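What follows is a set of notes on a single structure, which appears directly below.
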Amino acid sequence: MRSKLHFEPAQNTPQQLRRNREVNKTKSRRRQTTNTATRTNNRPQEQTNGHMNKQHCHMNKQATTRTNKIATRTNIIATRTNNIVTRTNSISTRTNNISTRTDNVFTRTQTTLSPEQTTFPQEQTAFPQEQTTFPQEQATFSGKKVICYFSAGSYENWRSDHSAFPSDVIGHKLDGWNEKWLDIRDGRVKSIMSARLKKAQDKGCDGVEPDNVDGYTNDNGFHLTAHDQLTYNKWLATEAHNHGLSVGLKNDVDQIQELESHFDWALNEECVHYNECKKYQPFIDAHKAVFHVEYVDSHSSGSSKKGSVCHSSRRPQQFITLIKDWDLTDWRMTC
């Protein structure tokens, strides 16, 4: 028979106990080292993940802020666009209001103007070239007449139609002015003046003040005669009436007798100074208005000038007189 082997637990000696403790310490250190390495390996990933999460959050916030800013700018642009559209509509409305004309607002007739019916035209001249219409309703309802200025006898190189004048109709320079006399006998000059009268009519002027209609008395370069001037001035009056405009005779004092019946009123410059006011008796006798102006070099001399002019025996009491400066500013004095 085989004998059964039975092993009893071996008794550990002190040396074995010490050896076991050292082995256990070694294993414990290895486990600690392994755990530390694992934690060390995991920490950068955690830190990286945390940092990346923070970056993502920050980037999301920035993206959200930028989106909000873009949306805000879009709203601002939209608001500005709406404002521009609104302004455009407003401008269009104003333009339509100005451009709309009513035929029965003012009936233009070839009437004779009296001092009681009119205001001094010098205050209402120099109508802006760029303005296309005039608020005639406002002027009519306030009892005023709008008189529009243009030079009928001289070439002015700053006018919008200056290029329409052929060179052979432009003569000598006006004394003291940056203008040149025109050959008023030429049909091309008359065509340009007719277009100016049409423009005055379209702008809503009630009347016109043709200037420089006494070129025959000056060194004009064309040897114009008194007959040439009479023919041209009568043509101007007729053409103005054909456009529904009243027309005034400005200066040309030596032809008043022949021209009074063709013009609706008169405008004189400095007849007191030149002692020519009595020549306007035909207009006074016909009960037509005579507007009169005397000039001063400075406003400081206005009071003195007013006293000498308004009380002068040379000035008919029927005259409507102003004291003005040469630049025709808003400054004025009246008799």
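The values are calculated or read from the model by the stated rules, or taken from the named source; none is laboratory data. This one's a predicted model, so the numbers in the text were calculated from it and none came from an experiment. Backbone-built Cβ (ideal geometry, glycine too); neighbour counts: all protein chains shown.
Restrict the check to the stretch 201-216 and report whether at least one residue is in contact with a His (Cβ under 6 Å, 6 or more places away or on another chain) and assigned to a helix (DSSP H, G or I). There is at least one residue in the stretch 201-216 that is in contact with a His (Cβ under 6 Å, 6 or more places away or on another chain) and assigned to a helix (DSSP H, G or I). One residue alone among Ser303, Ser194, Ser313 is in contact (Cβ under 8 Å) with a residue 24 or more places away in the chain and more than 22 Å from Ile147 (Cα to Cα), and that residue is Ser303.
Checked against the criterion of being closer than 30 Å to Asp186 by Cα, surrounded by fewer than 15 Cβ atoms within 10 Å (Cβ to Cβ) and among the small types (Gly, Ala, Ser), the candidates Ser301, Ser261 yield just one match: Ser261.
Which of the residues that make up the stretch 200-210 are in contact with a Gly (Cβ under 7 Å, 6 or more places away or on another chain) and buried (at least 19 other Cβ atoms within 10 Å of the Cβ)?
Restricting attention to the stretch 200-210, the residues satisfying the condition of being in contact with a Gly (Cβ under 7 Å, 6 or more places away or on another chain) are 201, 207, 209.
Once the filter is applied, which keeps residues that are in contact with a Gly (Cβ under 7 Å, 6 or more places away or on another chain) and buried (at least 19 other Cβ atoms within 10 Å of the Cβ), the stretch 200-210 yields Gly207, Glu209.
Within the stretch 183-195, does at least one residue satisfy the condition of being closer than 25 Å to Trp326 by Cβ and in contact with a strand residue (DSSP E or B) (Cβ under 8 Å, 6 or more places away or on another chain)? Looking through the stretch 183-195, none of the residues is closer than 25 Å to Trp326 by Cβ and in contact with a strand residue (DSSP E or B) (Cβ under 8 Å, 6 or more places away or on another chain). In the stretch 274-286, the count of residues that are without any contact (Cβ under 8 Å) to a residue 60 or more places away in the chain, surrounded by 15 or more Cβ atoms within 10 Å (Cβ to Cβ), of a type in the set (Asp, Glu) and assigned by TED's automatic domain parsing to the domain that holds Ala200 is one or more. Would you mind stating whether Gln201 is in contact (Cβ under 8 Å) with a residue 12 or more places away in the chain, under 26 Å from the mean Cα position of the chain (by Cα) and either in the same structural domain as Ala266 (by TED's automatic domain parsing) or within 20 Å of Lys250 (Cβ to Cβ) (or both)? Yes, satisfied. Checked against (1) at pLDDT below 95; (2) surrounded by 13 or more Cβ atoms within 10 Å (Cβ to Cβ); (3) small (Gly, Ala, Ser), Ser154 passes all but a single condition, namely (1).
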